[in-house]
Amino acid sequence: MNTSTFYRRCFRVGLLGAAVCFTVPAFAQLTSRDMPGTDGAVAGSQVEEPLIEISVTSEQMPVLIVAPATTADAPLAEQIAAEIQLTGLFNVRTTVSMRLGAGLPERSKWPALSTAAVVVGRLQRPSGFPIVISDTYHAAESDVYRRRELVLYPGSEPMMVSTMADAILEDVLGIRSHMSGKLVLSDASTRGERSVRVLAPNGSRGRRVSGFGTLARGADFDRDMRTWYATEDPSGKLQLFQEGQTTPVALGIPGYVQSIGFSPHGQFVALSMGEGDRVRTWKGPSTDQLRMMPLPEEQTALSPSIDDQGRVVHVVGPVNGPFSVMVDEKRVTPPGVWAAMPSFCSTLVEDRVVYMVRAGRSWHIRITSLTNGSSRTVATNAMSPACSPDGRTVAFFSNGLYGKGPGVYLTADFGGQARKVWDGQAAGLRWRGGESLPSKTIVTIASDEPETTEPSPADPPAKGAVPGSDD
């Protein structure tokens, strides 16, 4: 039996939104080989126990209002609102859904828990390329707003919505998101084949990296956003390949390649290498300068990720499990807890890791703080997690949530509703950083002037504008 032979059907009950979930059979392509360290866990307890899951409801979340500058900008506002909603960080409301007109709504009409309102519009200039403009007004600030102007150069249209969503979230929260980044994964949707694919976090702009009829896996991006992955050479041995290359990368290490992981800025690399049933983690500044991490002879290490400090998070345990999450030599999960597929999930204020943990006959996604040791479950019936570079959104594979079927889902790092972005069977997810954002201008609103919302090429420079600073 493989790790994806079951999914849970949930029934929501009670005023708190509790969901009672039961495990039922499902058909899937994924096997335990797609997620190293999960094989023996399948033979664990088969006790049928209902799982009570309390989720954050939309009524409890902060609200972000997105308004079109003009009626013609309504489709643009809907697209940007939908992109921000995928992060799970806000209950996003458009003025169209609020039955309000275009432009910034009066503050008296903002819903409770509103954090900010954003006005977005597209401007076709008499000369030059068109621009997309966002003006962000904070609920706690009535004297300033933040403006972004994104020039739509030829070919940039597909990235426009994701880039503007990242810029708006930075203006609202002070920390950028990475919906304009990239996900890489091993696609197991075709039986007997594993292909490495790259796609946007919203599931669009997907492309195949590895060849047809192969068993590719364990991929990641280097500092130049090139994809590296493990797949078989003509003799059937798993070797390391680089995107666009037909010959394997030369390694001075014996054995076969399981996976590769680069630090976010590319200063370090971690390689999972096996000989027989023993797998070890190697790390260093490059693939030709690697050293093996120390490990007792009877132990094996799987699924390493590495951060910009050179720290490695992987699972370590006996060949037949169970496996514990370790950061270098520090144990993160308690003994006896079966964990797999870890990676770093840090924010600006907290050092964290994310991983999947066995719970009865299913897997949950858990985030544990390396700062204070606290843990929380952010998704159930979920596997193979990867956090956005800012650590606030989690991508994962599930066999099906809310009747949506198998695929990649996104949720906030505090849990809540997960939203499906890609159809198929996936493992080995990694999420890397997004596009450069347009510069920011802080605009002071004169006390005797109303807040203006429609961009106009004839407008004089905004009074008190301070480019690129919140100071």
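Quick rundown of the values:
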quantity: Number of the exception - Pro334 against (1) in contact (Cβ under 8 Å) with a residue 60 or more places away in the chain; (2) part of a loop (DSSP other than H, G, I, E, B); calculated: (1)
quantity: Residue count for the range 178-204, restricted to those that are at pLDDT 95 or above, out of contact with any Pro (no Cβ under 9 Å at 6 or more places or on another chain) and part of a loop (DSSP other than H, G, I, E, B); calculated: 3
quantity: Residue in the range 226-233 that is surrounded by 13 or more Cβ atoms within 10 Å (Cβ to Cβ), of a type in the set (Lys, Arg) and assigned to a strand (DSSP E or B) present; calculated: no
quantity: Subset of the range 365-374 [crowded, with 16+ Cβ neighbours inside 10 Å and more than 16 Å from Arg419 (Cα to Cα)]; calculated: Arg366, Ile367, Thr368, Ser369, Leu370
quantity: Filtered residue count, the range 91-117, keeping only those that are within 28 Å of the chain's Cα centre (by Cα) and over 25 Å from Gly174 (Cβ atoms); calculated: 1
quantity: Subset of the range 215-228 (residues that are in contact with a Lys or Arg (Cβ under 7 Å, 6 or more places away or on another chain), farther than 24 Å from Thr163 by Cβ and not hydrophobic (A, V, I, L, M, F, W, C)); calculated: Arg217
quantity: Selected residue [surrounded by 16 or more Cβ atoms within 10 Å (Cβ to Cβ), out of contact with any Asp or Glu (no Cβ under 6 Å at 6 or more places or on another chain), part of a loop (DSSP other than H, G, I, E, B) and of a type in the set (A, V, I, L, M, F, W, C)] from Leu240, Leu271, Leu251; calculated: Leu251
quantity: Qualifying residue in the range 301-316 (condition: at positive phi and surrounded by 24 or more Cβ atoms within 10 Å (Cβ to Cβ)); calculated: yes
quantity: Selection from the range 116-139 of residues that are polar (S, T, N, Q) and not in a strand (DSSP E or B); calculated: Gln124, Ser127
quantity: Check on Pro296, in a loop (DSSP other than H, G, I, E, B), modelled with pLDDT under 95 and surrounded by 14 or more Cβ atoms within 10 Å (Cβ to Cβ); calculated: no
quantity: Residue check, Arg122 under 22 Å from Ser162 (Cα atoms), crowded, with 20+ Cβ neighbours inside 10 Å and modelled with pLDDT of 95 or more; calculated: no
quantity: Residue in the range 167-184 that is among the small types (Gly, Ala, Ser), crowded, with 22+ Cβ neighbours inside 10 Å and within 16 Å of the chain's Cα centre (by Cα) present; calculated: yes
quantity: Sole residue being modelled with pLDDT under 95, touching a strand residue (DSSP E or B) at 6+ places or on another chain (Cβ under 9 Å) and in a strand (DSSP E or B), chosen from Arg366, Arg358; calculated: Arg358
quantity: Flag if Tyr256 is buried (at least 17 other Cβ atoms within 10 Å of the Cβ) and more than 28 Å from the chain's Cα centre (by Cα); calculated: yes
quantity: Residues being buried (at least 20 other Cβ atoms within 10 Å of the Cβ) and among the polar types (S, T, N, Q) - total across the range 185-201; calculated: 2
quantity: Residue within the range 212-220 that is surrounded by fewer than 24 Cβ atoms within 10 Å (Cβ to Cβ), out of contact with any Cys (no Cβ under 8 Å at 6 or more places or on another chain) and over 30 Å from Asp307 (Cβ atoms) present; calculated: yes
quantity: The range 60-80, residues that are over 16 Å from Leu169 (Cα atoms), small (Gly, Ala, Ser) and either under 25 Å from the mean Cα position of the chain (by Cα) or outside any loop (DSSP other than H, G, I, E, B) (or both); calculated: Ala72, Ala74
quantity: Filter result (in contact with a Gly (Cβ under 7 Å, 6 or more places away or on another chain) and crowded, with 18+ Cβ neighbours inside 10 Å) within the range 427-440; calculated: Gly428, Trp431, Arg432, Gly433, Gly434, Lys440
quantity: Odd one out for Leu152, checked against (1) more than 30 Å from Leu199 (Cβ to Cβ); (2) surrounded by fewer than 18 Cβ atoms within 10 Å (Cβ to Cβ); calculated: (1)
quantity: Condition broken by Pro264, with the remaining ones in (1) under 15 Å from Asp222 (Cβ atoms); (2) more than 21 Å from the chain's Cα centre (by Cα); (3) in a loop (DSSP other than H, G, I, E, B) satisfied; calculated: (2)
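The values are calculated or read from the model by the stated rules, or taken from the named source; none is laboratory data. What you are looking at is a predicted structure, and each value in this text was computed from that prediction instead of being measured. Neighbour counts are summed over all protein chains in view; Cβ atoms, including those assigned to glycine, are modelled from backbone coordinates with ideal geometry.
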